[in-house]
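Coordinate-derived values only; no laboratory data. Since we're looking at a predicted model, the values are computed, not measured. Counting neighbours? That spans all protein chains shown, and the Cβs are built from the backbone with ideal geometry, glycine included.
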Amino acid sequence: MTAASLPGVRRFLDHLQVERGLAPNTIEAYRRDLLKLTGFAAGRPLATLQRADLERFLVELHRQGLSFRSIQRVTAAIRGAFGFWTGEGEIGTNPAADLTPARALPSLPRYLSLEEVERLLEVSEPSPCGLRNRAMLELLYATGLRVSELVGLRTAQLNRARDQVPGFVTVTGKGGKSRIVPYSRTAEERLGVWLEQGRPSFLGDEDAANPWLFVTARRGPMTRVRFWQIVRKAGEAAGITRPLSPHVLRHSFATHLLERGADLRSLQQMLGHASVSTTQIYTHVSEERLRRVVDAFHPRARRTAR
């Protein structure tokens, strides 16, 4: 039996077509959504379902992997149908009057393990391009810059390490806000090799006059698209099979710092987030990782209560 063959559902769909004048595609979407609920009801008349039944149905859709937007559409169909049946006197109290789907948690950012980062940053190519690419990857992981901030760096924004003072870059992020982000000794070494050996081979006598820190063979700045390609190629060379992008390295920087005790406010400043609530997503990453560790290794994690 299809959802449309049920008398109550058929009347509701006819109402949508005749009285509300909805488009055929919209009515078909409502029919498919109510068919899902019909399957969940397993033979029970839809008009007899209670609020708890409807909430369990929405949870089941989450478990099936349905997107939040799709679940919102299903919820709208349920509210419409039950509202119609209430108005027609088929049910006394509308259990879907204020039914809303639980908002899905934001997707957790993908990040690399420390071992994967080590492999990635050890990928090398004995050429000026290879020296540049290695320096860019190292600086990205050392600072967590946005890809647009990294490829747009000028030499004037780079403050090299000296004496006991670490190196840092000054960047202008979203909203025109400037921030200072320090980088590691290893990044300093890679930058030094690039500036002393790689960059001059591209620029020759024009080395001092060119403002861009990471130049291409055409003497212009690196582009976002080209750097995405560089990151993916380096990932393949490092044996990383998961999708890899500059964003993944930025997320790895933040996650690894937080796991080692960095506070959220400092991390917020380095990442250039306008609000610390944005930075808090990385606490969910750490919590998720801890849950996986407990599930995998705790002797009673997989036992069921008797």
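For the reader, a short list of remarks on this structure follows.
- Rounded to the nearest 10 degrees, the inclination of helix 51-63 to the longest alpha-carbon principal axis of the chain is 40 degrees.
- Considering only the Cα atoms of the stretch 54-100, their convex hull presents on average a projected area of 3.0 nm².
- Equivalent ellipsoid, the stretch 111-215 (semi-axes from 5 times Cα gyration tensor eigenvalues, Å): 20, 19, 14
- Each principal axis of the Cα cloud of the stretch 114-295 was evaluated for its coordinate range; sorted largest first, these ranges are 58, 36, 33 Å.
- Neighbour counts of other Cβ atoms within 10 Å put V285, V248, V193 in the fewest-to-most order V193, V285, V248.
- Over the chain, the reciprocal of the mean inverse Cα-Cα separation, the Kirkwood hydrodynamic radius, stands at 23.9 Å.
- Cα-based helix-to-principal-axis angle, 68-87 vs the chain, degrees rounded to 10: 20
- Relative contact order (percent, whole number), the chain, Cα cutoff 8 Å, 6+ residue spacing: 16
- With contacts taken as Cα pairs under 8 Å and at least 6 residues apart, the stretch 3-87 reaches a relative contact order of 32 percent.
- Folded to 0 to 90 degrees: helix 128-143 orientation relative to the chain principal axis, Cα: 60
- Per-selection Kirkwood Rh - the stretch 3-87 (Cα, Å, 1 d.p.): 13.0
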